[in-house]
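One structure is given below, encoded as structure tokens.
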Amino acid sequence: MRFHHHHITKWSKRSGFTVFEAFISLILVSTAVSIAVPTLRVVNLQRKSINERVLATNTLANLAERLSVTETWNSLTPQKLHTYRNQVTKELSLKKSKLTIDLIESPKSAALKQVQIRLSWQNPYGEFVDPVLLSLWFYQTESTK
């Protein structure tokens, strides 16, 4: 009976990585990280921009609700709106925010007043964003004449 001995090379028994394989792995991981970090930064800035727009929209909606509940056609004056603007500006946490509240009286109808609210601010990139605009209409009724 004859036994065949298999010749075992040192390559077939090896375990672990060679220096070359470790170097290639390091290059691949470095490339993945160098792509992921800027992408994550952009995603974070986009998320922050969206959160700022939601905050601005909610702030203006709350202000509009407050105006519609507490003010009437007769009580609306530019001075009164200026007071609201000062209050809301203190509450805002947006970078370089600009809030304007204008009272526009209709030349066509003396019984109609428009309150136009406009809010803009700087985004995380340092650019001024498209403003959030909101308009409210107040009508003079028979009881307010």
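The values are calculated or read from the model by the stated rules, or taken from the named source; none is laboratory data. Owing to the predicted nature of the structure, the values given are computational and were not obtained by experimental measurement. No Cβ is skipped: glycine too gets one built from the backbone with ideal geometry, and neighbour counts run over all protein chains shown. Surface accessibility is based on the protein's heavy atoms, side chains included, excluding ligands, DNA and RNA. Shrake-Rupley method; radii C 1.70, N 1.55, O 1.52, S 1.80 Å.
Below is a table of values for the structure above.
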item: For the chain, calculated [θ]222 nm from helices alone, where every DSSP H run of n ≥ 4 adds -39500 (n - 2.57); result: -17000 deg cm²/dmol
item: Read-out mean projected area of the Cα convex hull in nm², derived from the coordinates shown; its label in [x] 8.7; [y] 18.8; [z] 7.8; result: [y]
item: Crossing angle, helix 19-70 versus the chain [Cα axis fit, 0-90 degrees, rounded to tens]; result: 10 degrees
item: Tilt relative to the chain, helix 78-91 - C-alpha long axis, 0 to 90 degrees, to 10; result: 20 degrees
item: Over segment 72-145, relative contact order from alpha-carbon pairs under 8 Å, at least 6 apart, %; result: 28 percent
item: Electrostatic dipole magnitude of the chain [Cβ: Lys, Arg +1; Asp, Glu -1; Cα centre; debye, to 20]; result: 800 debye
item: Dipole magnitude (debye, nearest 20) for segment 103-145, charges at Cβ of Lys, Arg, Asp, Glu; result: 220 debye
item: Rel. contact order, % - alpha carbon contacts under 8 angstrom, at least six apart, the chain; result: 19 percent
item: Potential lengthening between residue 118 and residue 137 on full extension [0.36 nm per residue; Cα-Cα distance subtracted]; result: 5.4 nm
item: In segment 61-145, the GluC sites (Glu not before Pro) that fall in loop regions by DSSP, at most 16 other Cβ within 10 Å; result: 127
item: Sulfur and carbon atoms: percent of accessible area, segment 35-94 [1.4 Å]; result: 59 percent
item: Within a Gaussian network of the chain (alpha carbon springs, distance under 10 Å), most fluctuating of 120, 34, 68; result: 34
item: 13 Å beta-carbon shell around residue 41, net charge (K/R +1, D/E -1); result: +2
item: Gained length - residue 73 relative to residue 128, 0.36 nm times residue gap less alpha-carbon distance; result: 16.5 nm
item: Fraction of accessible area attributable to carbon and sulfur, segment 105-145 (%, probe 1.4 Å); result: 50 percent
item: Most fluctuating residue given options 56, 22, 32, as computed from a GNM of the chain linking Cα atoms under 10 Å; result: 22
item: Fluctuation leader among 89, 70, 100 - the chain, Gaussian network, Cα springs under 10 angstrom; result: 70
item: Accessible surface, the chain, averaged per residue in Å² (probe 1.4 Å); result: 76 Å²
item: Given charges at Cβ of Lys, Arg, Asp, Glu: the chain dipole, positive-most of 32, 88, 119; result: 32
